[in-house]
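Where a number appears in this text, it was derived from the coordinates with a stated rule and is not lab data. All of these numbers come straight from a predicted model, not from anything done at the bench. No Cβ is skipped: glycine too gets one built from the backbone with ideal geometry, and neighbour counts run over all protein chains shown.
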Amino acid sequence: MENCSDEELIRAAGKGEAPALEELVRRYQDRVLSFMTWNFSLPREEALDMTQEVFLAVWKSAGSFRGESLFRTWLFSVARNVGLSYFRHYLAKKTESAGLLFGDEEFENIPDAAPGLLEGLEAEERSAFVRAS
């Protein structure tokens, strides 16, 4: 499996071949961990958890890889989506906690501490997509 291209490995993983996914994890786990740590400003432990989530998502959606881009591009797209999903969940939980703490009326008047976080990530995504095209 070491001599196979990334694209061959993801196609094999899409057919249920676990050793193919293991090879992809071996090749990319450090890069995905760095991506999650730096792009989402996660502590190492959370970045490790998110890296596992990324490869779980890759395993589940391996059959949907169409080969229209490099595997590496597709992988980091999955990683970005996992990270954004994490932040959406985190922000929703934070909002719910703040609402319980302050009450609904008072909470509505609290200024947003991180305006544009998701918008900035989406803008980076669009720029990366344009550069990759």
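Any chance you could count how many residues in the range 9-34 are loosely packed, with under 14 Cβ neighbours inside 10 Å and over 21 Å from Glu46 (Cα atoms)?
Of the residues in that region, 4 qualify.
Filtered by the rule that a residue be farther than 20 Å from Tyr90 by Cα and not in a helix (DSSP H, G or I), the range 8-53 gives Lys15, Gly16, Glu17. Scan the range 44-57 for residues that are closer than 21 Å to Glu124 by Cβ and either touching a helix residue (DSSP H, G or I) at 6+ places or on another chain (Cβ under 6 Å) or surrounded by fewer than 12 Cβ atoms within 10 Å (Cβ to Cβ) (or both) and jot them down. Ala47, Met50, Thr51, Glu53, Val54, Ala57 - these are the residues of the range 44-57 that are closer than 21 Å to Glu124 by Cβ and either touching a helix residue (DSSP H, G or I) at 6+ places or on another chain (Cβ under 6 Å) or surrounded by fewer than 12 Cβ atoms within 10 Å (Cβ to Cβ) (or both).
Looking for something under 27 Å from Glu122 (Cβ atoms) and either among the β-branched types (Val, Ile, Thr) or within 14 Å of the chain's Cα centre (by Cα) (or both) - is there at least one such residue anywhere in the range 6-13? Yes, the range 6-13 has at least one match.
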